[in-house]
Amino acid sequence: MEKLLEVNNLHVSFDTYGGEVKAVRGVDFDVHKGETLAIVGESGSGKSVTTKALMQLLPKPPARIKEGEVLFEGRDLAKLSEKQMQKIRGKDLSMIFQDPMTSLNPTMKVGNQIMEGLIKHQKMSKGEAKRRVLELLELVGIPDAESRMKQYPHQFSGGMRQRVVVAIALACNPKLLIADEPTTALDVTIQAQILELMKNIQKKTDSAIIFITHDLGVVANVADRVAVMYAGKIVEIGTVDDIFYNPQHPYTWGLLGSMPSLDSADEDLYAIQGSPPDMIAPPKGDAFAARNDYALKIDLEQEPPMFKVSDSHYAATWLLHEHAPEIEPPESVKRRMKGMARSASGNSEGDQL
């Protein structure tokens with residue numbers, strides 16, 4: 001598949017009164033046309049900062065891209081001015097934010113908000129834009145589109161507002177869609193509908209998607225590949241099967257093990273001890289070492305490189321070194337991992353959420 005986006009050694013910092021917050025520290029990944037890459041991790045791991053840096057949506061100051069490049073179709077977005085980015089944002093790159101109520105303008109009718117991008121980027125007349133808005137509202141499953149486009153955001157339910165946000169993001173047929181936890185504020189039923197909607201639209205438009213979430217259950221249903229982030233770094237990346245069936249990093253074990261499953265209803269839920277490190281002064285060595293039950297002496301002294309597990313699977317843990325002891329996750333975690341893997345396999349086979 002052809003590469004659409006390539007991120008190389010991305011470093012993003014925030015200059016605060018307390019010091020420099022090193023939010024993203026040397027992130028590398030790529031996204032191919034028609035692919036969905038999920039980025040997962042705890043709050044504060046750097047997921048949203050990474051993707052907002054791609055879109056140049058971080059406030060400057062205090063944010064700044066210290067180092068690295070963001071190649072979109074070979075063009076480095078990190079070097080573009082705000083005026084240049086405005087020609088790309090909403091047209092080739094679009095973003096769906098977490099809370100639809102704060103993403104929409106409460107003083108503008110929904111139809112006008114969708115029309116803005118069409119008139120600016122597609123140079124459509126108002127009549128053409130209106131026809132396209134009706135198509136988009138129907139595409140995202142909003143009934144009686146002609147009358148609904150004349151209403152304001154407060155007249156829509158949470159699920160319908162998120163569908164409007166999806167319509168805005170898709171208006172100009174973007175090549176890359178970034179979805180920043182787009183279903184977190186929704187109930188489970190509406191969440192499933194929005195995820196199914198995004199999958200169907202991707203099939204129709206062949207767009208690529210970066211999907212940010214902390215919910216590995218969601219990942220199993222939407223992603224082709226998964227990048228696990230911790231303390232501003234990607235610590236493991238691979239296909240969905242790699243991550244669910246053969247996770248290698250202890251942090252990934254913890255994320256999988258902390259997910260409740262039907263197979264483990266009678267057991268205590270596994271929890272990762274401690275909390276993420278202070279990113280003003282990141283720890284020496286492996287940032288996860290202090291919370292890692294399997295940490296080696298070298299973890300406290302030296303940061304692990306990315307070890308190759310397979311052609312599609314890489315993980316940054318010293319446990320993959322040829323001289324490291326053979327260590328497996330505890331049985332309670334393995335049982336949950338197997339349950340999650342079976343659930344993911346069943347959902348993909350049935351193509352349902």
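The values are calculated or read from the model by the stated rules, or taken from the named source; none is laboratory data. As the structure is a computational prediction, the values presented were derived from the model and not from experiment. Glycine gets a Cβ as well: all are built from the backbone with ideal geometry, and neighbour counts include every protein chain shown. Side chains are part of the model used for accessible areas, which takes the heavy atoms of the whole protein and leaves out ligands, DNA and RNA. Shrake-Rupley method; radii C 1.70, N 1.55, O 1.52, S 1.80 Å.
For segment 13-19, in order, what is each residue's ³J(HN,Hα) by Karplus, 6.51 cos²θ - 1.76 cosθ + 1.60 with θ = phi - 60°, in whole Hz (x at glycine and Pro)?
Those phi angles translate into 10, 10, 8, 10, 4, x, x Hz.
Within 10 Å of each candidate Cβ there may be at most 10 other Cβ atoms; applying that plus a DSSP loop requirement, which trypsin sites (Lys or Arg not before Pro) in segment 103-162 survive?
Details: sites: 109, 120, 123, 126, 130, 131, 132, 148, 150, 161; in loops: 109, 123, 150.
Within segment 103-162, the qualifying trypsin sites (Lys or Arg not before Pro) (loop, at most 10 other Cβ atoms within 10 Å) are 123.
Quick one: compute the contact order of segment 160-220, relative version, from alpha carbon pairs under 8 angstrom and 6+ residues apart, as a percent. Write down the numbers at each step before the final one.
Working: 41 pairs, mean separation 26.4, N = 61.
It rounds to 43 percent for segment 160-220.
Over the alpha-carbon set of segment 161-280, work out the extent along each principal axis and list the three values in angstrom, largest first.
44, 36, 29
Exposed loop GluC sites (Glu not before Pro) only (DSSP loop, at most 10 other Cβ atoms within 10 Å): please give the longest stretch of the chain free of them, not including the sites.
Result, exposed sites excluded: 3-321.
Need the full-extension length gain, residue 306 to residue 189, defined as separation in residues times 0.36 nm minus the C-alpha distance. One decimal, nm.
38.3 nm
For the chain, what does the equivalent ellipsoid look like in terms of its semi-axes, each the square root of 5 times an eigenvalue of the Cα gyration tensor, given largest first in whole Å?
36, 24, 18
Note down the relative contact order for the chain as a percent, whole number, built from C-alpha pairs under 8 angstrom at least six residues apart.
Dividing the mean separation by the residue count of the chain yields 19 percent.
Using helices alone, what [θ] at 222 nm do you get for the chain, with -39,500 (n - 2.57) per DSSP H run of 4 or more residues, divided over all residues and rounded to the nearest 500?
-10000 deg cm²/dmol
What is the dipole size for the chain, taken about its Cα centre, with +1 at each Lys and Arg Cβ and -1 at each Asp and Glu Cβ, in debye to the nearest 20?
1940 debye
Considering only Cα-Cα distances, which of the following residue pairs are longer than 29 Å: 3/308; 79/123; 22/79; 79/150; 123/204; 47/91?
Beyond 29 Å between Cα atoms: 79/150.
Heavy atoms only, probe 1.4 Å: what % of the accessible area of segment 1-150 goes to carbon and sulfur, would you let me know?
Answer for segment 1-150 is 50 percent, counting heavy atoms of protein chains only.
Non-local amide H neighbours of residue 96 (under 5 Å, H modeled in plane, Pro and chain starts lacking H): which ones?
Placed amide hydrogens put 178, 179, 180 under 5 Å from residue 96.
Can you list residues whose amide H is under 5 Å from residue 67's amide H, if they're 5+ apart or on another chain and H is modeled 1.01 Å from N?
Amide H neighbours of residue 67: 11.
Where the Cα atoms of segment 100-146 are projected onto their three principal axes, how long is each span, largest first, in whole Å?
Dimensions of segment 100-146 along the principal axes of its Cα atoms: 27, 21, 14 Å.
At 1.4 Å probe size, with every protein chain present, just tell me what the per residue accessible area of the chain comes to in Å².
Result: 47 Å² of accessible area for each residue.
Suppose a student asked you for the relative contact order of segment 1-82, using Cα pairs under 8 Å spaced at least 6 residues apart; what percent would you report?
Relative contact order for segment 1-82 comes out at 39 percent.
Using modelled backbone amide H atoms (1.01 Å from N, in-plane), which distant-in-sequence or interchain residues come within less than 5 Å of residue 307's amide H?
315, 316, 317
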